[in-house]
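*Asks:* Following this message is one structure expressed as structure tokens.
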Amino acid sequence: MSSLKELARLMKELDDQLVACMRCGLCQAVCPLFAETGREADVARGKLALLSGLAQEILQNPQGVQDHLNRCLLCGSCAANCPSGVKVLDIFIKARAILAGYLGLSPVKKAVFRGLLSQPDWFNRILAWGAKFQGIFVKPVDDLLGSSCARFMSPLLADRHFKALAPVPWHVKVPRRDTPPGAANLKVAFFVGCLIDKLFPQVADAVLKVLDHHGVGVYLPAGQGCCGIPALSGGDTQTFRHLVRLNLELLDDPAAPCDYLVTACATCSSTIKQLWPLMMQDSPPAEQERLKALAAKTLDISQFLVDKVGVAPAALGPEEGRIPLTYHDPCHLKKSLGVASQPRALLKANPAYILKEMTESDWCCGCGGSFNLQHYETSAAIGKRKRDNIAASHCRVVATGCPACMLQITDMLSQAGMRVLVKHAVEIYAGSLVRGTGARPLKNLT
């Protein structure tokens, strides 16, 4: 925490928000963590009861409170289904910041957040070095899924099947861009995000392809940093605030006015729209207004294409011969932002595919960012439920709108030996744009 004044402000906001919880327990039915563990302390009601005496608990057992709070996916299922409208995610984020302010950050978090994440240039150099030499430490597992595993025993990688770093990150391929509006008479700023830049550059390629196809001007400033959610989830408000200001100066440039800010990452979208203004409420009024204005015009790429550009479903022929595809709703997209029909509209716009809904399409995949690193066994158990629902759909492709979900689903499918392709919804739509018409199925589906 930057000051005792900031700590006191967050404590006051926390107290004001906690009174809304009626302890009804309806959050139990939708909490993916509680479904696996059955522990009251793992559900929102239990955590909120613990936080109601936070000032006293901080003095008695601060580490215990922090451990309980960290056992949360921050998926927002509880908040989305709360009859009292308790802003559970806001409360948990603030509580983590308070505890980190009291206890301090661990040496590992300091090194990762303040030594790397807060310095985009240095972060990019380190990961570029990692991409160059990763073959020494990882080996391919599945060519269809593009998954790899560790060559040697590793406490961090464990039994994971993961996506290796892209040989060339997207920001190297496309360092900057500034094109005028075309037929759509719209211009957007494009926030790429860390995972797309370094693991899924093909998603960013698809974004540019569809924007160019529809005549949308694109402003892509060089030097973008992380949206800040890893640091904020870890309680490091200092790094979070630094990254917010760094990105704000790049994306809200008066010399390059844009109608909207688009992302292809559900987590980045929800962070920019909701958490940037929420956690910067003590910043200067002018800065707060800029953040609110930017948040108001931030849209997921599917939301922008469907609601603002006007993507229409394709004229569909017979079902026979079309590739069966299912869709996973990212928590931060559907539950936090209410975006669910738009990515499906993108999928339906490619006539080479047929959408078949899986059971529990909006059940959390179990990733939860740092939760996956700290509690991998539980994360994987939740992920296997998603994997089984994908298998039951009998589809050959699963699409989603979040690169973190893509990582988790790839891991679960690869470990089970399931040959199901994992794609972003915008990739499926981009595959239908061949010289502006026609449809093209994705390759390597066999």
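The values are calculated or read from the model by the stated rules, or taken from the named source; none is laboratory data. Small disclaimer: the values here were computed from a predicted structure and weren't measured. All Cβ positions, even for glycine, are placed from backbone atoms using ideal geometry, and neighbour counts span all protein chains on display.
*Asks:* Consider L127 carefully, then state whether it is of a type outside the set (G, A, S), assigned to a helix (DSSP H, G or I), over 23 Å from G235 (Cα atoms) and in contact with a Lys or Arg (Cβ under 8 Å, 6 or more places away or on another chain).
*Replies:* It is true that L127 is of a type outside the set (G, A, S), assigned to a helix (DSSP H, G or I), over 23 Å from G235 (Cα atoms) and in contact with a Lys or Arg (Cβ under 8 Å, 6 or more places away or on another chain).
*Asks:* Moving on. If you take the residues of the range 113-124 that are in a helix (DSSP H, G or I) and touching a residue at least 12 places away in the same chain (Cβ under 8 Å), which of them is surrounded by the fewest Cβ atoms within 10 Å (Cβ to Cβ)?
*Replies:* D121
*Asks:* Just give me the residues in the range 200-222 being over 20 Å from the mean Cα position of the chain (by Cα) and of a type in the set (G, A, S), in sequence order.
*Replies:* Result: G215, G217, A222.
*Asks:* How many of the residues making up the range 92-109 are loosely packed, with under 14 Cβ neighbours inside 10 Å and either assigned to a helix (DSSP H, G or I) or under 19 Å from the mean Cα position of the chain (by Cα) (or both)?
*Replies:* Residues meeting the conditions: 2.
*Asks:* Kindly indicate the residue of the range 279-302 that is outside any helix (DSSP H, G or I) and surrounded by fewer than 20 Cβ atoms within 10 Å (Cβ to Cβ) and also farthest from the chain's Cα centre (by Cα) among those meeting that condition.
*Replies:* Out of the qualifying residues, it is P284.
*Asks:* Let me ask you something else. From the residues in the range 303-317 that are hydrophobic (A, V, I, L, M, F, W, C) and assigned to a helix (DSSP H, G or I), which one is nearest to L186 (Cα to Cα)?
*Replies:* V309
*Asks:* Out of A150, A204, A166, I need the residue that is farther than 20 Å from L251 by Cα, touching an Asp or Glu at 6+ places or on another chain (Cβ under 9 Å) and modelled with pLDDT of 95 or more. Which one?
*Replies:* Within the list A150, A204, A166, the selection yields A166.
*Asks:* Could you grab me the full set of residues in the range 114-162 that are touching a helix residue (DSSP H, G or I) at 6+ places or on another chain (Cβ under 6 Å), among the small types (G, A, S) and farther than 22 Å from C405 by Cβ?
*Replies:* Residue satisfying the conditions is S118 alone.
*Asks:* Go through the range 329-364 residue by residue and tally those that are touching a residue at least 60 places away in the same chain (Cβ under 8 Å), touching a Cys at 6+ places or on another chain (Cβ under 6 Å) and assigned to a loop (DSSP other than H, G, I, E, B).
*Replies:* 2
*Asks:* Let me ask another. Any idea which of (1) in contact (Cβ under 8 Å) with a residue 40 or more places away in the chain; (2) of a type in the set (A, V, I, L, M, F, W, C); (3) out of contact with any Pro (no Cβ under 7 Å at 6 or more places or on another chain) is the one L99 doesn't satisfy?
*Replies:* (3)
*Asks:* Also: Within the range 334-355, identify whether any single residue is surrounded by fewer than 19 Cβ atoms within 10 Å (Cβ to Cβ), modelled with pLDDT of 95 or more, polar (S, T, N, Q) and under 19 Å from the mean Cα position of the chain (by Cα), and answer yes or no.
*Replies:* So far as the range 334-355 goes, yes, one or more of its residues are surrounded by fewer than 19 Cβ atoms within 10 Å (Cβ to Cβ), modelled with pLDDT of 95 or more, polar (S, T, N, Q) and under 19 Å from the mean Cα position of the chain (by Cα).
*Asks:* Looking only at the range 238-255, decide whether some residue is among the small types (G, A, S) and in contact (Cβ under 8 Å) with a residue 60 or more places away in the chain.
*Replies:* Checked the range 238-255: no residue is among the small types (G, A, S) and in contact (Cβ under 8 Å) with a residue 60 or more places away in the chain.
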